[in-house]
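Bear in mind that the values in this text are calculations on the coordinates, not laboratory data. Predicted, not measured: the structure shown is a model, and the values here were computed from it. So basically every Cβ, Gly included, is an ideal-geometry build from the backbone, and we count neighbours across all protein chains shown.
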Amino acid sequence: MELDVPPPENGDHGPPAIWRYMDLPRFVSILSTGRLWFAKAATLCDDPWEGFGKAERLKVPPADNCPELAIRGAPGGTRTISVPQMMARFSQRSAEIFENARDHLYVNSWCLDAAESMAVWQIYGSLGFGVALKSSVEQYQRAARLEVDSSHYISGPVTYHDSLESAPDIRRDFRESIPMPGFGLRGEVLKLGLHKRACYWYEHEWRAVLYQDSRPDIVGVHEAFDLEQLISAVYAGPRAQEFVVEVVSSIMDKFLLRKPLERSVLLRSPQREIASAD
């Protein structure tokens, strides 16, 4: 079964909100650099299935009587290869890149919801010392100053699957239609970044995904954003004491972020009306 994140309720029919929960050091880093962190999928240890994909591939046939092509510039000089052998190797190379998508994908994740999420506050926001940025998909797209062309980038809500391994969305058949490494294959690899297991459904995740050539030593990349366009408001965590709110306000002043600062009211007691005496 596949689970799509339901559209958030929005009484004013404005753009749906996205939320980015973080601790204070990350908040300071964003304001001081004007950049958001895109983590390599392979480093996201909380979910070892990030970027998971499966691909069918051709088997390399033995040498046969098919016409052979001469390949120049190969190590040791010119060598020959039959067309079926060449297509099989293309198929295997594309399948290898597809199934190792976690080494190529870099993600920046937000929570797509009309209001704050207590569950996500508890996991990512440090509750008493956490901060959340409120934005929208449209603001995010306008604010992005990505240093890659559009063929290296995708964004959208995550689809959740009860069984990711059997989900057709993450399977490809590279035995007949073989995307060559480059533009065509990149698009297929990028799509894997928008699928996760249903056990993470509570995150209601919307994310941006970048494709990079395999770089084993790189754990993530910082991408520039116009923070004035990106941020609608800043929220202090549900258990934030007054001094924490003051610290967040001071940080915003230091970096000239002129946006509303709200204090989360998720743990505020309900207001009870007191009946007046006749």
- Message: List the lysines whose Cα sits under 27 Å from the Cα of LYS40, skipping any in the same chain fewer than 8 residues away.
- Response: LYS54, LYS134, LYS191, LYS196
- Report, by chain and number, residues whose modeled amide H sits under 5 Å from the one on SER82, excluding near sequence neighbours (fewer than 5 apart, same chain). LEU69
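How high is the relative contact order of segment 2-263? Use alpha-carbon pairs under 8 Å, at least six apart in sequence, and give a whole percent.
32
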- Note on the structure: If each part is reduced to its alpha-carbon centroid, segment 30-64 and segment 208-227 end up apart, in Å, by 12
- How high is the FRET efficiency between ASP23 and LYS259 when r is their beta carbon distance and R₀ equals 25 Å, given to the nearest 0.05? 0.85
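With a 10 Å radius around each residue's Cβ, average the other Cβ atoms per peptide and rank 151-157, 216-222, 232-238, highest first. Each step should come with its number before you reach the end.
Details: 151-157: 17.6, 216-222: 12.3, 232-238: 20.4.
The packing order, highest mean first, is 232-238, 151-157, 216-222.
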- Fewest first, what order do LYS191, LYS54, LYS40 take by the number of other Cβ atoms within 10 Å? LYS54, LYS191, LYS40
- Positive-pole candidate from LEU190, GLY156, MET86, dipole of the chain, charges at beta carbon: MET86
- Give the whole-number value, in cubic angstrom per residue, of the convex hull volume spanned by the C-alpha atoms of the chain. 177
